Amino acid sequence: MTGWLIYRGDGRPHDGILRLPAPPNWRTFDGGPPLPTPSGNESGTDRRLGSAGGAIAANSTAVQMVNAALYLRRPLLVTGKPGVGKSALAFQVAHELQLGPVLTWPISSRSNLREGLYEYDPIGRLRDENLRQLMTTGRSNERDTDDVSIGRYLTLGPLGTALLPFDRPRVLLIDEIDKSDVDLPNDLLNVLEDGQYLIPELRRLAGQSERIVVQTSDPHGRAPVINGLVRCRAFPFIVLTSNDEREFPPAFLRRCIRLTLAEPTAEQLAAMVAAHLGANVADRAQHMIDEFTSRRNGTGTFATDQLLSAIYLRYSSADSNTDIAVLRTVVDHILADLNDPGPT
């Protein structure tokens with residue numbers, strides 16, 4: 001059953017997003033006016049996926065669940081051990097479906113909904129207004145009554161930017177949602193259900209200035225907000241990652257498509273090494289990949305980036321003057337169980 005797939009998981013860019021059918025009526029949004037999706041290279045793609053741009057075959061279950069989230073316009077909650085590729089999945093989807101730069105919201109215990117939606121700097125605005133008045137004192141009876149200037153002091157956060165009325169869905173990575181304060185998942189419910197939010201600071205000016213241009217989370221990005229309301233047109237593709245360190249409320253879970261990523265196979269690890277360090281290095285390091293896979297399948301905790309770091313040191317940074325015995329000792333320390341103490 002492949003005909004329904006919009007995202008194929010093979011890393012080859014295409015315009016399949018144009019074949020995405022209309023959403024069910026309970027997930028239809030009509031924000032506007034429509035904005036063009038930013039073009040260009042996705043931010044962080046090479047760093048996350050390697051020079052292959054994500055040309056690593058995705059797990060078939062992951063492909064199916066990504067497509068379910070796209071069709072249903074629902075967030076994708078991805079759980080799994082650290083280093084299995086949870087956050088990379090967002091970059092893979094953005095790269096393959098050509099959905100522009102990935103918007104990223106890293107979560108900490110201090111994160112709150114307002115942080116994800118927008119930031120307003122009233123102090124900066126007041127300071128600039130006082131300075132302007134000092135500079136115009138003694139001149140004509142000048143007075144700045146242009147409330148549109150508030151847009152210079154208001155910046156949409158990653159979630160707030162993703163919910164702008166783009167003509168194609170933006171990709172938003174909400175990274176490590178399980179680190180959040182206990183209230184954040186519940187606080188997200190209405191925003192994710194309605195696909196919109198209100199900016200009170202702009203709403204109060206609706207009678208004077210209906211259209212105010214604000215800054216966004218995209219580099220040099222700016223977008224108009226009408227009457228203080230931001231409402232999406234194409235619901236964003238949202239990836240929420242979790243290391244499975246806490247439980248989430250049922251009301252939050254029922255609004256998500258859930259996926260648990262297994263640890264990458266030896267073949268997938270070899271493809272990752274080739275993408276980041278080259279096929280030649282991957283061939284030479286096959287014994288390290290096999291040994292790492294064997295260790296990981298036993299007891300202990302290991303992460304994929306340990307393997308990438310070890311192979312880089314062993315084969316990419318060594319030269320004829322390198323003491324191989326010393327280098328092997330360093331590599332062994334890097335590949336040690338994450339629960340073990342470091343070298344002394």
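The values are calculated or read from the model by the stated rules, or taken from the named source; none is laboratory data. Remember, predicted model here, so these are calculated numbers, not experimental data. As a convention, Cβ positions derive from the backbone with ideal geometry for all residues, glycine included, and neighbour counts pool all protein chains shown.
Each row is one residue, and each column tells you yes or no for (1) assigned by TED's automatic domain parsing to the domain that holds PRO23; (2) buried (at least 16 other Cβ atoms within 10 Å of the Cβ).
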residue: LEU253; (1), (2): yes, no
residue: ALA271; (1), (2): no, yes
residue: ASN280; (1), (2): no, no
residue: ARG284; (1), (2): no, no
residue: THR301; (1), (2): no, no
residue: SER309; (1), (2): no, no
residue: SER316; (1), (2): no, no
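For the stretch 3-36, a residue qualifies if it is surrounded by 12 or more Cβ atoms within 10 Å (Cβ to Cβ) and charged (D, E, K, R), and the qualifying residues are ARG8, ASP10, ARG27. All of (1) out of contact with any Ser or Thr (no Cβ under 9 Å at 6 or more places or on another chain); (2) assigned to a helix (DSSP H, G or I) hold for PHE292 with one exception: (1).
Could you say which residue among ASP181, ASP175 is out of contact with any Phe, Trp or Tyr (no Cβ under 9 Å at 6 or more places or on another chain), touching a residue at least 24 places away in the same chain (Cβ under 8 Å) and surrounded by fewer than 22 Cβ atoms within 10 Å (Cβ to Cβ)?
Working: ASP175 fails: out of contact with any Phe, Trp or Tyr (no Cβ under 9 Å at 6 or more places or on another chain).
Going through ASP181, ASP175 in turn, the sole match is ASP181.
For PHE235, the conditions (1) closer than 25 Å to LEU77 by Cα; (2) not in a loop (DSSP other than H, G, I, E, B) all hold with the exception of (2). The one condition from (1) modelled with pLDDT under 95; (2) surrounded by 13 or more Cβ atoms within 10 Å (Cβ to Cβ); (3) of a type outside the set (Gly, Ala, Ser) that TYR71 does not meet is (1).
The rows are residues; the columns are (1) closer than 23 Å to ASP178 by Cβ; (2) among the charged types (D, E, K, R); (3) in contact (Cβ under 8 Å) with a residue 12 or more places away in the chain.
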residue: GLY228; (1), (2), (3): no, no, yes
residue: PRO236; (1), (2), (3): yes, no, yes
residue: THR241; (1), (2), (3): yes, no, yes
residue: ASP244; (1), (2), (3): yes, yes, yes
residue: PHE248; (1), (2), (3): yes, no, yes
residue: CYS256; (1), (2), (3): yes, no, yes
residue: GLU263; (1), (2), (3): yes, yes, yes
residue: ALA266; (1), (2), (3): no, no, yes
residue: ALA274; (1), (2), (3): no, no, yes
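Only residues that are within 17 Å of the chain's Cα centre (by Cα) and farther than 17 Å from ALA88 by Cα were counted in the stretch 166-183, giving 6. Does the stretch 87-106 hold any residues that are within 11 Å of the chain's Cα centre (by Cα) and surrounded by fewer than 24 Cβ atoms within 10 Å (Cβ to Cβ), and which are they? Passing the criteria: SER87, PRO101, THR104, TRP105, PRO106. Looking at the stretch 198-221, can you tell me whether even one residue there is under 19 Å from the mean Cα position of the chain (by Cα), surrounded by fewer than 14 Cβ atoms within 10 Å (Cβ to Cβ) and either at pLDDT 85 or above or in a helix (DSSP H, G or I) (or both)? Checking the stretch 198-221: at least one residue is under 19 Å from the mean Cα position of the chain (by Cα), surrounded by fewer than 14 Cβ atoms within 10 Å (Cβ to Cβ) and either at pLDDT 85 or above or in a helix (DSSP H, G or I) (or both). Scanning the stretch 255-270 for residues that are closer than 29 Å to ARG74 by Cβ and part of a helix (DSSP H, G or I) returns a single hit, GLN268.
Of everything in the stretch 151-172, what is assigned to a helix (DSSP H, G or I), over 24 Å from TYR71 (Cβ atoms) and in contact with a Phe, Trp or Tyr (Cβ under 7 Å, 6 or more places away or on another chain)? Give them in sequence order.
At the first step, the residues of the stretch 151-172 found to be assigned to a helix (DSSP H, G or I) are 151-153, 158-162.
Going one step further and asking which of them are over 24 Å from TYR71 (Cβ atoms), we end up with 151-153, 160.
Within the stretch 151-172, TYR153, GLY160 meet the criteria.
Taking the numbered list (1) modelled with pLDDT under 95; (2) more than 13 Å from THR161 (Cβ to Cβ); (3) surrounded by fewer than 20 Cβ atoms within 10 Å (Cβ to Cβ); (4) not polar (S, T, N, Q) in turn, LEU261 passes all entries but (3).
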